[in-house]
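Chemist: I'd like to ask you about the structure that follows.
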């Protein structure tokens, strides 16, 4: 039996420039990304490590706003039917107004939202608004989530569960035993998909996560690190494409 595994790629819109982000999005898709996760840069990205902190800082210095990101995603959506998830810390959502933000996000054609600093308990305050729009709110499960919390996360999850492979920030590496335990716990409770992120830098990292039982992997910091370390970010896109192709080769198909 052939089982398709998923590669999801993440970047913050406007790091380098809007034009670079739009080009990056299409290069990621053409080289094998199944899903795009596009972030709104934020001044206090508490869940992100140094690489994405730098991305946010650079984009904000470039004058990128939530409105800029939403307009950019709309352009990207016109060029692809691949799923797109919009990531935002809750600050920009609250500042614009939750319902206004959701309506604008829905208008861009994104499939769902990822709000890393809005826990389940706080989501309940906005459940009526969330339910009004046809957008999935992606839930996070961590290596420290106990069974009771996992059951709540699963109950609220739609498209997939975002598995955080360790207790640190984006870019850090996780403990394989902890990741496997998390995946097993979730698989014992549901048949919903789990995609694992945080700390996946190479094709072999991705393969290890897939071999541990994940349905997909999420790669972000490794992509940003390539163009941040390049004197010419535009020329670094070829190296990024090679990384994505190599990861896709390792995770695309599992034969059982």
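The values are calculated or read from the model by the stated rules, or taken from the named source; none is laboratory data. It should be emphasised that the depicted structure is a prediction, and the values quoted were computed from it without experimental measurement. No Cβ is skipped: glycine too gets one built from the backbone with ideal geometry, and neighbour counts run over all protein chains shown.
Chemist: Does any residue of the range 248-256 turn out to be more than 18 Å from the chain's Cα centre (by Cα), part of a helix (DSSP H, G or I) and over 22 Å from residue 20 (Cβ atoms)?
Modeler: yes
For (1) more than 23 Å from residue 159 (Cβ to Cβ); (2) surrounded by fewer than 16 Cβ atoms within 10 Å (Cβ to Cβ); (3) under 13 Å from the mean Cα position of the chain (by Cα), each residue gets a yes or a no:
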position	(1), (2), (3)
5	no, no, no
15	yes, no, no
20	yes, no, no
40	no, no, yes
46	yes, yes, no
50	yes, yes, no
55	yes, no, no
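Chemist: For the range 113-125: of the residues being surrounded by fewer than 18 Cβ atoms within 10 Å (Cβ to Cβ) and under 23 Å from residue 45 (Cβ atoms), which is farthest from the chain's Cα centre (by Cα)?
Modeler: Of everything passing the filter in the range 113-125, 125 is farthest from the chain's Cα centre (by Cα).
Chemist: Here's a follow-up. Before we move on, is residue 36 surrounded by 21 or more Cβ atoms within 10 Å (Cβ to Cβ), closer than 17 Å to residue 112 by Cα and modelled with pLDDT of 95 or more?
Modeler: So residue 36 fits the description; yes.
So that you can scan it fast, the table gives a plain yes or no per residue for (1) touching a residue at least 60 places away in the same chain (Cβ under 8 Å); (2) more than 20 Å from residue 220 (Cα to Cα); (3) part of a strand (DSSP E or B):
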site	(1), (2), (3)
54	yes, no, no
68	no, yes, no
72	no, no, no
76	no, no, no
86	no, no, yes
94	no, yes, no
107	no, yes, no
124	no, yes, no
128	no, yes, no
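Chemist: Quick check: anything in the range 27-41 closer than 12 Å to residue 87 by Cα, touching a residue at least 40 places away in the same chain (Cβ under 8 Å), assigned to a loop (DSSP other than H, G, I, E, B) and in contact with a helix residue (DSSP H, G or I) (Cβ under 7 Å, 6 or more places away or on another chain)?
Modeler: Yes, some residue in the range 27-41 is closer than 12 Å to residue 87 by Cα, touching a residue at least 40 places away in the same chain (Cβ under 8 Å), assigned to a loop (DSSP other than H, G, I, E, B) and in contact with a helix residue (DSSP H, G or I) (Cβ under 7 Å, 6 or more places away or on another chain).
Chemist: Checking the conditions here, which among 200, 240 is touching a strand residue (DSSP E or B) at 6+ places or on another chain (Cβ under 7 Å) and under 21 Å from residue 24 (Cα atoms)?
Modeler: 200
Chemist: Then there's this: Out of 107, 128, report the one residue that is modelled with pLDDT of 95 or more, loosely packed, with under 14 Cβ neighbours inside 10 Å and either under 18 Å from the mean Cα position of the chain (by Cα) or closer than 27 Å to residue 70 by Cα (or both).
Modeler: Sole residue among the options that is modelled with pLDDT of 95 or more, loosely packed, with under 14 Cβ neighbours inside 10 Å and either under 18 Å from the mean Cα position of the chain (by Cα) or closer than 27 Å to residue 70 by Cα (or both): 107.
Chemist: Of these, 48, 44, 23, which one is assigned to a loop (DSSP other than H, G, I, E, B), farther than 14 Å from residue 218 by Cβ, in contact (Cβ under 8 Å) with a residue 24 or more places away in the chain and out of contact with any helix residue (DSSP H, G or I) (no Cβ under 6 Å at 6 or more places or on another chain)?
Modeler: On inspection, the qualifying residue turns out to be 44.
Chemist: What number goes with the only condition from (1) in contact with a strand residue (DSSP E or B) (Cβ under 7 Å, 6 or more places away or on another chain); (2) surrounded by 18 or more Cβ atoms within 10 Å (Cβ to Cβ); (3) touching a residue at least 40 places away in the same chain (Cβ under 8 Å) that residue 82 does not pass?
Modeler: Here residue 82 clears every test but (2).
Chemist: Considering the range 215-240 alone, what residues qualify as being farther than 15 Å from residue 35 by Cα and touching a residue at least 60 places away in the same chain (Cβ under 8 Å)?
Modeler: Those that are farther than 15 Å from residue 35 by Cα and touching a residue at least 60 places away in the same chain (Cβ under 8 Å): 221, 224, 225, 227, 228, 233, 234, 237, 240.
Chemist: Moving on. Yes or no: the range 159-176 includes at least one residue that is assigned to a helix (DSSP H, G or I) and surrounded by fewer than 18 Cβ atoms within 10 Å (Cβ to Cβ).
Modeler: Yes; the residues of the range 159-176 include at least one that is assigned to a helix (DSSP H, G or I) and surrounded by fewer than 18 Cβ atoms within 10 Å (Cβ to Cβ).
Quick grid of which residues meet (1) crowded, with 19+ Cβ neighbours inside 10 Å; (2) in a loop (DSSP other than H, G, I, E, B); (3) out of contact with any helix residue (DSSP H, G or I) (no Cβ under 7 Å at 6 or more places or on another chain):
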site: 187; (1), (2), (3): no, no, yes
site: 192; (1), (2), (3): no, yes, no
site: 201; (1), (2), (3): no, yes, no
site: 217; (1), (2), (3): yes, no, no
